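> This is the structure I have questions about; it appears just below.
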Amino acid sequence: MKKFCVSLFTVALVASCAKNAKSGEDKDLNVKFDSYKDNFVSSLWEIYPGWASGVGFHKYDSILVIPNAEEDQKQLAFAKAQLDSLKSYSVDNLSNNNKTDYHMIKNQLDGIIFSITELISSQWNPAEYNVCGSFAEILNGNYDSLETRLKAFNAKMDGIPAYYEAAKKNINNPTAEHTELAIAQNLGGSSVFQEDLKNALEKSKLSDSEKTEILNKAAVSVKAITGYAEWLKKLPNKTPRSFRLGSELYAKKFDCDIQSGYSVDQIYKIAVDHKNDLHEKMFVLADKLWTKYKGNTVKPTEKLELIKQVIDEISLKHTTPEKFQSEIEKQIPELTAYVKAKDLLYIDPSKPLVVRKEPAYMAGVAGASISAPGPYDKNANTYYNVGSLSGWTKENAESYLREYNDYILQILNIHEAIPGHYTQLVYSNQSPSIIKSILGNGAMVEGWAVYAEKMMLESGYKNSDEMWLMYYKWNLRTTCNTILDISVHTKNMSKEEAIKLLTKEAFQQQAEADGKWKRVTLSQVQLCSYFTGYTEIYNLREELKKKQGDKFNLKKFHEKFLSFGSAPVKYIKELMLEE
């Protein structure tokens with residue numbers, strides 16, 4: 001008996017020692033991987049200085065990368081070398097935090113190779129070449145003195161002529177749609193080097209000779225920018241490349257960009273089923289509201305027509321073109337107060353949100369967006385960019401405002417600001433892992449904003465049949481974004497079919513449908529990010545509610561989920577379910 005006990009003790013001791021040794025090895029591995037991540041990020045910014053500036057790392061603000069073949073080879077060599085380095089780490093033995101970072105780094109590197117060797121959008125998308133945004137960020141920043149920023153602006157301008165000459169050499173058989181966008185955005189964005197720059201120089205303490213040098217370089221820059229736009233206008237292109245990506249490239253880009261637990265085919269089916277479910281819910285509400293808005297008018301026999309007529313009546317209640325931006329500004333503090341009163345999650349009051357007119361260099365794709373500071377510039381302004389309606393015809397403006405009526409404008413503000421994008425991106429910048437911030441997953445970011453819409457209504461925000469009907473209409477947009485994008489790029493959906501889907505089945509105004517068609521011709525996969533991310537987040541919440549029962553706390557779920565930064569939902573899910 002004694003010998004047996006000693007044997008058991010010896011086995012336990014050996015096992016314990018082995019476990020401690022394993023634990024020690026894992027700790028050493030994670031320390032090494034943390035060091036690798038630091039080196040990876042440092043190298044990343046050397047290769048992509050413009051990206052570095054965008055996330056608030058301003059060491060390389062004065063550098064403008066020339067997009068030539070030599071640069072492509074440099075990026076490919078970087079990606080392949082980093083992938084080789086990753087092979088030295090056993091992902092199974094890394095901490096949960098580092099496992100996620102490992103997958104995100106690998107996906108980014110694979111994406112670089114895919115973009116340069118297979119997607120090759122540098123040839124067919126002239127809109128990729130536009131310096132105006134990066135220069136505008138230097139002028140608008142508050143991370144350093146105006147004089148320091150203007151000196152970086154000045155040095156960076158040296159590369160602009162060569163930048164656009166390289167762009168011209170790269171472009172081969174571009175799409176007509178991207179060519180048109182490139183012309184409009186470059187011509188519009190050139191104002192950064194004219195009025196915007198002159199205003200900044202007037203406020204600065206630079207010497208007269210320095211100001212003159214900068215203005216002279218700016219004139220050369222404007223000539224290069226507008227010259228590129230004029231070159232594109234005259235470019236012979238009788239058989240332009242189709243904007244449609246095709247099934248094979250689309251599937252690869254979806255896997256790379258979305259990083260979902262779903263495939264393209266799976267999320268397409270889920271979206272179609274969800275659309276049909278929304279139609280049933282909308283019919284119940286519209287039928288209930290019929291008399292209130294249509295009186296004794298005979299009801300249509302077709303369900304979608306009945307829904308449309310009720311929506312059309314409710315949509316007449318909207319703001320004016322002149323008050324569109326001010327109405328958005330007014331609603332932000334109201335949403336903040338509601339989230340605080342309902343204790344849905346903590347919102348940091350020290351992080352400024354500024355509503356502004358959408359800059360010219362951003363125009364032409366989306367009507368509302370968020371420009372958030374990166375993890376190196378956490379205290380900088382977050383901008384809520386609002387498209388201007390000035391210059392629109394009366395008919396187009398009315399159509400747009402009916403789309404963004406008094407109900408949907410509130411849902412838009414939930415999505416873009418509180419507790420949507422603005423809130424999530426503030427949390428993302430606080431993540432202990434900078435990888436999760438700089439390599440942020442678009443489906444998680446957009447998915448959170450869409451999830452926030454439903455969560456707010458579930459909590460009782462502005463509860464009414466009208467609000468829920470309009471929410472379902474808005475959620476149909478997210479759902480049909482996925483159906484539209486996959487159908488257009490992989491199923492050859494025509495413009496007529498697309499407009500019918502958006503206006504007849506998603507109840508969108510003509511102006512909104514036209515804008516969405518334009519957007520789907522200019523982007524690929526991104527329109528899937530909203531519904532895919534939302535579906536995964538909502539399903540995760542419901543799974544945790546079921547698992548935790550009475551112990552489930554909504555605020556804790558939100559704050560825990562957001563604490564992982566902008567990591568793909570499938571990895572956040574693994575970590576939260578494991579805990």
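The values are calculated or read from the model by the stated rules, or taken from the named source; none is laboratory data. None of the values given here were measured: they were computed from a predicted structure. Every residue, glycine among them, receives a Cβ derived from its backbone with ideal geometry; neighbour counts consider all protein chains shown. Keep in mind that these areas ignore ligands, DNA and RNA; they rest on the heavy atoms of the full protein, side chains included. Shrake-Rupley method; radii C 1.70, N 1.55, O 1.52, S 1.80 Å.
> Report the per residue volume, in Å³, of the convex hull enclosing the C-alpha atoms of segment 196-300. Don't skip to the end; give the middle numbers.
Numbers: hull volume 36.8 nm³, N = 105.
Once divided by residue count, the hull of segment 196-300 is 351 Å³.
> Hey, another quick one. Would you check segment 38-175 for Lys pairs whose C-alpha atoms are within less than 28 Å, ignoring same-chain pairs closer than 8 in sequence, and give me the count?
Taking the Cα cut-off of 28 Å, the pair count is 21.
> Once you wrap a convex hull around the alpha carbon atoms of segment 466-562, what is its projected area averaged over all directions, in nm²? If you can, show how the numbers build up before the last one.
Working: hull surface 32.1 nm².
Its Cα hull, projected and averaged over all orientations, spans 8.0 nm².
> May I pose another question? Quick one: length gained pulling E458 to S523 fully straight, 0.36 nm per residue minus the C-alpha distance? All intermediate terms of the calculation are to be shown ahead of the outcome.
Details: separation 65, 0.36 × 65 = 23.40 nm, distance 3.20 nm.
So the extension gain works out to 20.2 nm.
> Over the Cα atoms of segment 96-236, what radius of gyration and what Dmax do you get, in Å?
18.2, 56
> What is the Rg over Rh value, at two decimals, for segment 103-182, using alpha-carbon atoms and the Kirkwood definition of Rh?
Values: Rg = 16.1 Å, Rh = 15.0 Å.
That ratio equals 1.08.
> While we're here: Heavy-atom accessible area of R519 with all protein chains present, probe 1.4 Å, nearest 10 Å²?
40 Å²
> Roughly speaking, to the nearest percent, how much of the chain's 1.4 Å accessible area is carbon and sulfur? Before the final figure, lay out the partial values.
Numbers: 13720 of 26430 Å².
Solvent-exposed carbon and sulfur of the chain make up 52 percent of the total.
> Starting from 0 in steps of 10 Å, tell me what percent of the Cα-Cα pairs of segment 504-560 lands in each bin.
Histogramming segment 504-560 at 10 Å steps yields 18, 31, 21, 22, 7 percent.
> Give me the log10 of I(q) over I(0) for the chain at q = 0.05, 0.10, 0.11 Å⁻¹, as the Debye formula computes it from C-alpha points; what are the numbers?
Reported log10 I(q)/I(0), two decimals: -0.24, -0.94, -1.14.
> Then there's this: Determine the calculated [θ] at 222 nm for the chain from helices alone, applying -39500 (n - 2.57) to every DSSP H run no shorter than 4 residues and normalising by the residue count; nearest 500 deg cm²/dmol. Display every interim value, and only then the final one.
Values: 26 runs with 386 residues, N = 579.
After summing the helix terms and dividing by residue count, I get -22000 deg cm²/dmol.
> Now for a separate question. Please give every one of the aspartates and glutamates within straight-line cross-link reach of K573, meaning a C-alpha to C-alpha distance under 16 Å, and leave out same-chain neighbours fewer than 8 residues apart.
Straight-line reach from K573, under 16 Å: D101, E536, E542, E543, E559.
> Starting at the first residue of segment 173-178, write each ³J(HN,Hα) from the Karplus equation 6.51 cos²θ - 1.76 cosθ + 1.60 with θ = phi - 60°, in whole Hz, x for Gly and Pro.
Values, residue by residue: 6, x, 6, 5, 5, 6 Hz.
> Moving to a separate point now. Excluding ligands, DNA and RNA, what is the solvent-accessible area per residue of the chain at a probe of 1.4 Å, expressed in Å²? Let's see the in-between values first.
Numbers: 26430 Å² over 579 residues.
Ligands and nucleic acids excluded, the result is 46 Å² per residue.
> Just to verify a number: FRET efficiency for S95 and T301, C-beta to C-beta distance, R0 = 56 Å, to 0.05?
Details: r = 61 Å, r/R0 = 1.08.
Between S95 and T301 the formula returns 0.40.
> Considering Cα pairs under 8 angstrom that are at least six residues apart, work out the relative contact order of the chain and quote it in whole percent.
16 percent
> Continuing with this model, one more query. Under a 5 Å amide H to amide H cut-off, with H placed in plane at 1.01 Å, what residues pair with I370 once short-range neighbours are removed?
The list, which skips near neighbours in sequence, is N385.
> Sticking with this one: Which FRET efficiency value, to the nearest 0.05, do you get for K223 and D348 by plugging their Cβ-Cβ distance into 1/(1 + (r/R0)^6) with R0 = 56 Å?
Calculated transfer efficiency: 0.80.
> Radius of gyration and Dmax for segment 290-363's Cα atoms, expressed in Å?
My reading of the Cα-based Rg and Dmax gives 19.3, 54 Å.
> Taking the Cα centre of the chain as origin and charging only Cβ (+1 Lys, Arg; -1 Asp, Glu), how large is the dipole, in debye to the nearest 20?
Rounded to the nearest 20 debye, it is 880 debye.
> Using +1 at the Cβ of each Lys and Arg and -1 at the Cβ of each Asp and Glu in the chain, identify which of M467, L344, Y376 lies farthest towards the dipole's positive end.
Going by the Cα projections, it comes out as L344.
> Follow-up. Quick query: amide H of A417 versus all other amide H atoms, modeled in the peptide plane; which residues come in under 5 Å with a sequence gap of 5 or more or a different chain?
Y422
> Using alpha carbon coordinates only, what is the Rg to Rh ratio of segment 220-374, with Rh defined as the Kirkwood radius?
Working: Rg = 23.5 Å, Rh = 22.1 Å.
That ratio is 1.06, to two decimals.
> Which distance in Å, rounded to a whole number, links the C-alpha centroids of segment 513-536 and segment 130-144?
Using only Cα atoms to place each centre, the spacing works out to 27 Å.
> Note down the magnitude of the dipole of segment 248-338 about its Cα centre, charges +1 on Lys and Arg C-beta and -1 on Asp and Glu C-beta and zero elsewhere, to the nearest 20 debye.
Details: 14 positive and 16 negative charges, 75 e Å.
Roughly 360 debye, rounded to the nearest 20.
> Mind listing which trypsin sites (Lys or Arg not before Pro) in segment 111-207 are in a DSSP loop and have 13 or fewer other Cβ atoms within 10 Å?
For trypsin sites (Lys or Arg not before Pro) across segment 111-207 that sit outside H, G, I, E and B with at most 13 neighbouring Cβ atoms in 10 Å, the list reads K205.
> Two decimals is fine: what is log10 I(q)/I(0) at q = 0.10, 0.22 Å⁻¹ for segment 299-408, from a Debye sum with one equal scatterer on every Cα and no solvent?
-0.43, -1.23
> Continuing with the same structure: Under 8 Å for C-alpha pairs, at least 6 residues apart: give me the relative contact order for segment 80-225, rounded to a whole percent.
Numbers: 98 pairs, mean separation 42.7, N = 146.
29 percent.
> Place a +1 charge on the Cβ of each Lys and Arg in segment 332-464 and a -1 charge on the Cβ of each Asp and Glu, then give the dipole magnitude about the Cα centre in debye, rounded to the nearest 20.
Numbers: 11 positive and 13 negative charges, 54 e Å.
The dipole magnitude comes to about 260 debye.
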